[in-house]
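Structure first, then comments.
The values are calculated or read from the model by the stated rules, or taken from the named source; none is laboratory data. Here the structure is a predicted model, which means the values were calculated and not measured. Using ideal geometry, Cβ is built from the backbone for each residue, glycine included, and neighbour counts are taken over all protein chains shown. Please note that ligands, DNA and RNA were not included when accessible areas were found on the heavy atoms of the full protein model with its side chains. Shrake-Rupley method; radii C 1.70, N 1.55, O 1.52, S 1.80 Å.
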Amino acid sequence: MPRPLLAMPGTGSDGDYVQRAFGTAAAAAGFSLVALEPGTDLAAGYMRALDAAARAHGPILVGGISIGASIAAAWAARVGPQCCAGVWAVLPPWSGVPGASPAAASATATADALERDGLSATLDGMSASSPGWLAAELTRSWTGLYPGLIGQLRGAAALVGPEPATLTRLAVPLAVVVSDNDPIHPAAVGEAWAKAAPRAAVKRTVTQTSSTAP
């Protein structure tokens, strides 16, 4: 039976996107991708799902995009190799407190717009400033996640991500994907993660288009 890989989307996205984007590659690598859906208690809900999967299956692979990558790495560092077999982190958004992180600022701005202007107007504004594929994806996911999306965005923007000092204690392999042309998810963050972790590798891509949420 393929080893399960539990993966978490970036805030504003959902499990459907994760499955479509990465399911085929995961299957080709011999993994069974389980795409988690965001809940109102974003990080805590994901952590509970990962704990339950590890109890059911033994050490699991975990991964995520943006804020999902932060949660995956933090969980792996907490539970150790007894529960986690490896981490796959795509476009990590920040380390430690978010501070002036572009991803955190984008999440807060989107939450503010949703509360002030409503879903329809916020979607119009996002679509006007985003590539077509991204506008279509976020229109679909934001419509499905709203109104809980507001709390998810605010929760993500306040999340304390794993720091390099935490990642030095990561006892399992870490694979990090970074992009040189995504200002929301600076490549330097992922590079610092990989430098800190004892067993890590970086995959660099230059085709990622900047996203509007972590």
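Output the residues belonging to the stretch 169-198 that are in contact (Cβ under 8 Å) with a residue 40 or more places away in the chain, more than 18 Å from residue 65 (Cα to Cα) and of a type in the set (A, V, I, L, M). Give the steps one after another, and end with the answer.
Taking the stretch 169-198 and keeping what is in contact (Cβ under 8 Å) with a residue 40 or more places away in the chain, we get 169-179, 182-186, 189-190, 192-193.
Narrowing the set further to residues that are more than 18 Å from residue 65 (Cα to Cα) leaves 169-172.
Across the stretch 169-198, the qualifying residues are 170, 171, 172.
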- Which number in (1) within 16 Å of the chain's Cα centre (by Cα); (2) within 27 Å of residue 60 (Cβ to Cβ); (3) open to solvent by less than 40 Å² (accessible area, probe 1.4 Å); (4) of a type outside the set (Phe, Trp, Tyr) marks the one condition that residue 184 misses? (2)
- Query: Do you know which of the residues in the stretch 19-58 that are open to solvent by 60 Å² or more (accessible area, probe 1.4 Å) and hydroxyl-bearing (Ser, Thr, Tyr) is modelled with the lowest pLDDT?
  - Reply: 40
- Report, by residue number, each residue of the stretch 161-181 that is open to solvent by 20 Å² or more (accessible area, probe 1.4 Å), aliphatic (A, V, I, L, M) and out of contact with any Pro (no Cβ under 8 Å at 6 or more places or on another chain). 165, 175, 177
- Message: Looking at the structure I just gave you, is residue 16 of a type in the set (D, E, K, R) and at pLDDT 95 or above?
- Response: yes
- Considering only the stretch 136-168, state which residues are in contact (Cβ under 8 Å) with a residue 12 or more places away in the chain and small (Gly, Ala, Ser). 141, 144, 148, 151, 155, 156, 157, 158, 161, 165
- Task: With a cut-off of at least 3 residues that are free of Cβ contacts under 8 Å to residues at least 40 places away in the same chain and either of a type in the set (Val, Ile, Thr) or farther than 30 Å from residue 135 by Cβ (or both), name the helices (runs of 4 or more DSSP H) lying wholly within the stretch 1-86.
- Result: 42-57, 67-79
